Amino acid sequence: MISRMPLYYKEFKCTASDCSDNCCIGWEIDIDDSTASFYDSVQGSFGDRLRENIAKGECDSFILGENERCPFLNEKNLCDIIINLGEDKLCHICTHHPRYYEWIGNVREGGIGLCCEEASRIILSYNQPFDFYECEIADDLCSDGFVPDEKLMELIYSVRLNIIRHLENPHIPLENAIADVWEYSCYLQELMDNGDYTLPPVKSCNATAVPDIKKLLMTLTALEINNPRWLSYLQELIRNHSDNRFVTAETEPYLRKIAVYFVWRYLIKAVFDEEIISKIYLMAVSIFTTGYMLCQKGAPLSLEECALLFKDYSKEIEYCEDNLSRIFDSAYDNPAFCII
């Protein structure tokens, strides 16, 4: 089996107690079956503690404590399971988060998710053109991957790389690059809908993407909210909205990297549903929204400030399947930008 990951994937290492937004707080933590069976077998007082803090069900999960803390996150914000049993005894989600994966044929593809502040910092500080590496991995590290039509798979791989290179091009203003990519995705969708898997090049259409920021913000308030502070922040932005500017010279390099992240992570899913437009729409509205938020913070902005904002956005949008689905659907039902 082959693993395919961004080059920056190898740089990630959990910052543990140094993290300002610990992923062991505020998240439901499901336990995979094999780990649950192991926890049932642990002897002694720590085994008793494990079983007392696990809720049994269709999928076992840890019983969160005060302030929604994992019961094994100690006062130093370190994991007692690692301390008592070893890092290799963590459940699947704790082992891999914030890493994400897709299994396609004989390939496991993925990266690191923006919902983690360290992952966000790594992505923003990566100063080379986006690239990936491939390596052989053991078959038992892969699930039985969906096997798509070979022509479709080749098309999506090539389209994704074309779009990434276009978004990275510093000679094309970001608002123009997004317009080009949107027009390209609409054309490709039409071809695919008619069974044509021809690969056209991305062309500059001499157009500009103009977002309706207020409409976007109001759309976000109607989604499922994870953190009440996020809703308050959105409502404040709506009250104070005065323009649709979403990019500055300072933030443009960061926004390009985030645009590439969304294209790399989500466009590959078109091999499952043959939907390109919705994936590009997610990228575009994410850039418009977060870019506007950065503009409202004013300059200068530190890398850490930007990383935290992208992390907050990701936690609210990417890590709720219903929110993602509603944004995908709005690409057709309620688009919040125009191309002029």
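The values are calculated or read from the model by the stated rules, or taken from the named source; none is laboratory data. Quick caveat: nothing in here was measured; it's all calculated off a predicted structure. When we count neighbours, we look across all protein chains shown, and the Cβ atoms used for this are built from the backbone with ideal geometry, even at glycine. Heavy atoms of the whole protein, side chains included, go into the accessibility calculation; ligands, DNA and RNA do not. Shrake-Rupley method; radii C 1.70, N 1.55, O 1.52, S 1.80 Å.
Given a 1.4 angstrom probe, I'd like the percentage of the accessible area of the stretch 203-293 that is carbon and sulfur, rounded to a whole number. Write down the numbers at each step before the final one.
Numbers: 1750 of 3590 Å².
Within the stretch 203-293, the accessible surface is 49 percent carbon and sulfur.
Against the globular-protein guess of 2.2 N^0.38 Å, express the Cα radius of gyration of the stretch 90-244 as a ratio, rounded to two decimals. Spell out each step's value before the answer.
Numbers: Rg = 19.5 Å, N = 155, 2.2 N^0.38 = 15.0 Å.
The reported ratio for this selection is 1.30.
Quote the FRET efficiency, to the nearest 0.05, computed for residue 250 versus residue 133 with a Förster distance R0 of 25 Å and r equal to the Cβ-Cβ distance. Each step should come with its number before you reach the end.
Numbers: r = 30 Å, r/R0 = 1.22.
Here the calculated transfer efficiency is 0.25.
Taking springs between alpha-carbon atoms closer than 10 angstrom, which of 285, 271, 147 fluctuates most in the Gaussian network model of the chain?
The residue that fluctuates most here is 147.
Find the centroid of the Cα atoms in the stretch 244-315 and in the stretch 1-30, then give the distance between the two in whole Å.
19 Å
Please give the net charge around residue 12, taking every other residue with its beta carbon less than 11 angstrom from that of residue 12, where Lys and Arg add +1 and Asp and Glu add -1.
Numbers: positive: 10, 13, 99, 121; negative: 11, 118.
So the environment of residue 12 carries a net charge of +2.
Relative to the first principal axis of the alpha-carbon coordinates of the chain, what is the inclination of helix 174-193, with its axis defined by its Cα atoms, in degrees from 0 to 90 and to the nearest 10?
The two axes meet at around 90 degrees.
When only the heavy atoms of the protein chains count and the probe is 1.4 Å, how do 56, 214 rank by accessible area, highest first?
Details: 56 130, 214 85 Å².
Highest to lowest solvent-accessible surface, that is 56, 214.
Go ahead and set up a Gaussian network model of the chain, Cα springs under 10 Å, then flag whichever of 21, 88, 131 fluctuates most.
Between 21, 88, 131, it is 88 that shows the largest mean-square fluctuation.
Only Cα pairs under 8 Å and at least 6 apart count here; give the relative contact order of the chain as a rounded whole percent. All intermediate terms of the calculation are to be shown ahead of the outcome.
Values: 446 pairs, mean separation 66.7, N = 340.
That works out to 20 percent.
Under a 10 Å cutoff between Cα atoms, tell me which one of 67, 22, 323 has the largest fluctuation in the Gaussian network model of the chain.
Fluctuation is largest for 67.
Can you work out ³J(HN,Hα) from phi for every residue in the stretch 32-47, in order, using Karplus 6.51 cos²θ - 1.76 cosθ + 1.60 and θ = phi - 60°, giving whole Hz and x for Gly and Pro?
Calculated HN-Hα couplings, in order: 5, 4, 5, 5, 4, 5, 5, 4, 5, 9, 5, 8, x, 5, 6, x Hz.
Computed from the coordinates I sent, Cα extents along the principal axes in Å equals one of (i) 73, 45, 45; (ii) 63, 53, 37; (iii) 69, 49, 36. Tell me the label.
Among (i) 73, 45, 45; (ii) 63, 53, 37; (iii) 69, 49, 36, the one derived from this structure is (iii).
In square angstrom, what is the accessible area per residue of the chain with a 1.4 angstrom probe? Display every interim value, and only then the final one.
Values: 16340 Å² over 340 residues.
I get 48 Å² per residue for the chain.
Enumerate the amide H contacts of residue 26 below 5 Å, restricted to partners 5 or more residues apart or on another chain; note that Pro and chain-start residues carry no placed amide H.
Those lying under 5 Å, H to H, from residue 26 are 69, 70.
So what's the angle, to the nearest 10 degrees on a 0 to 90 scale, between helix 277-297 and the longest Cα principal axis of the chain?
80 degrees
Please label the shape of the stretch 211-291 as rounded, prolate or oblate, based on the square roots a ≥ b ≥ c of the eigenvalues of the alpha-carbon gyration tensor (a/c under 1.5 means rounded; beyond that, a/b larger than b/c means prolate, else oblate).
Details: a/c = 2.15, a/b = 1.41, b/c = 1.53.
Oblate is the answer for the stretch 211-291, as a/c is 1.5 or above yet b/c matches or exceeds a/b.
For 61, 41, 286, give me the order by solvent-accessible area with a 1.4 Å probe, most accessible first, ignoring ligands, DNA and RNA.
Numbers: 61 20, 41 60, 286 0 Å².
Reading off the accessible areas and sorting them downward yields 41, 61, 286.
Taking residue 203 as the anchor, which lysines have their alpha carbon closer than 26 Å to its alpha carbon, excluding any fewer than eight residues away along the same chain?
151, 257, 269, 279
Determine the calculated [θ] at 222 nm for the chain from helices alone, applying -39500 (n - 2.57) to every DSSP H run no shorter than 4 residues and normalising by the residue count; nearest 500 deg cm²/dmol. Mind showing how you got there, number by number?
Details: 14 runs with 166 residues, N = 340.
The per-residue figure over the chain is -15000 deg cm²/dmol.
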